[in-house]
Every structure is written in C-alpha cells, then in structure tokens.
C-alpha cells in the first residue's frame, strides 16, 4: 500500500488540491451529516465533508465523478451511479477480483466516493473507528486489481493531479499530473445543460436540456 508523505498535513493537501483544481464559482452542497451518520452507522471523513462544502458533488474534467452523499434506505439519486449503487458494485467486485498482495487478507467495509469514465471505482475502507484515517482503495478496471493508498480522499486527489504516486492509480492518464483541472458540480452542470450547451466544451449540444 502506498503511504502518504508524513510532512503533508490536511491543510497542505487542501492547498495543493485547490492549486490544481480551483473551486467552482457556485458554492458547495449543504449535507445533513447527522442523518448520514445515522444511516451508515459512522461519521464521514472530515476532508470529504469539507470537500462537499466547498466543491459539492460533481465531476473532474468530464472524467472522475465525486459521488453525491446518499443515505442508506433511500432511493438512489441516479439509476446510473451514486454512492449507494457504486458501493454495491464495489462490494460485489471485491469478492471476485484480484487484490494487491498487501490486501489479500483484508476484509474492508467499502464505501464508494468516486467512479471514473474508465469504470474504476474509488472507495474508502471504513473499518477504522476514526474516519480521518480511512485509506483509499481503488479498483482499476484495466487490470481487474484492487490497490490500497494510505491517505484520505483530498490527499489522493491532490496526489493524482500533482503526479505524486509511483504510477497513476487510475486506468487513464486524463488527470495525471495536469497543471489545471476543471471541476463542475452537479448544480452548475445542470444549469449549463438547460441552456442547450455541452458543459465541458461550451458548444451547442442537441442532446442537452432533454
């Protein structure tokens, strides 16, 4: 499992993430974290809660989706993905796919927080009592292998955008060590589509707004 540089604290990772991915003009999302805690039986990581407050759920570079926080026992927000459905997918894939050597004996409590256009899944291992210590587990679709990263969500994203890992954890290099990444939260993306535009190119899109 790749480990986080101990010299980087959470504030530094926030600064590094915002340096490469400026927050959108539209504000983030207000989440009932007490309801989320009651639903899942655990608190969510502080960096994820802060991310939702600043960025909101959305997409990085039309490639990596940061999932909407969803409570268990409620209908999924989308039939195509989301925290609930992607967590179900992750649990099923964990049972039948290969793991990196250090994960062979692991029995994680998976919660999915991201999915990308390459069908990679990004999850926490929510086993530790302290959510600030939840490591990131990534299912790379290309090689059908799960790998672990001993850092939180914000640090993981910052390290991808800065190219800090030994190799890119994802199956595509779209976000790897890029100088600037665009982030569209769900609210802004819907607003642009209603105008009949592709939210990523700004060009007219005959399928937008439908």
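Hey, for a label at residue 30 modelled as a point 7 Å past Cα toward Cβ, could you say which residues of segment 45-88 have their backbone N under 16 Å away?
Backbone N within reach: 52-57.
Given only helices, namely DSSP H runs of n ≥ 4 each adding -39500 (n - 2.57), what is the per-residue ellipticity at 222 nm of the chain, to the nearest 500 deg cm²/dmol? All intermediate terms of the calculation are to be shown ahead of the outcome.
Values: 6 runs with 60 residues, N = 210.
Calculated from helices alone, the mean residue ellipticity at 222 nm is -8500 deg cm²/dmol.
Could you give the angle, 0 to 90 degrees to the nearest 10, between helix 83-96's Cα long axis and the longest principal axis of the Cα atoms of the chain?
In the chain, helix 83-96 runs at an angle near 40 degrees to the longest axis.
Note down, for segment 98-139, the three equivalent ellipsoid semi-axes (square root of 5 times each alpha carbon gyration tensor eigenvalue), biggest first, whole angstrom.
Over the Cα atoms of segment 98-139, the ellipsoid semi-axes are 18, 15, 7 Å.
Go ahead and run the numbers for FRET between residue 19 and residue 97, Cβ-Cβ distance against an R0 of 41 Å, rounding to 0.05.
It comes out at approximately 0.75.
Under 8 Å for C-alpha pairs, at least 6 residues apart: give me the relative contact order for segment 37-185, rounded to a whole percent.
Values: 246 pairs, mean separation 34.5, N = 149.
Contact order relative to length: 23 percent.
Neighbour counts of other C-beta atoms within 10 Å: give me 149, 63 arranged from fewest to most. Don't skip to the end; give the middle numbers.
Numbers: 149 20, 63 16.
In increasing order of surrounding Cβ atoms, one gets 63, 149.
I'd like the FRET efficiency for residue 168 and residue 38, computed as 1/(1 + (r/R0)^6) with the beta carbon distance as r and R0 of 41 Å, rounded to 0.05. Walk me through the numbers on the way to the answer.
Numbers: r = 37 Å, r/R0 = 0.90.
So the FRET efficiency works out to roughly 0.65.
Every number in this text was worked out from the coordinates using simple rules, so none of it is lab data. In this text, all values refer to a predicted model and were calculated from it rather than measured experimentally. Positions of Cβ are generated from backbone atoms using ideal geometry, with glycine treated the same way; all protein chains shown enter the neighbour counts.
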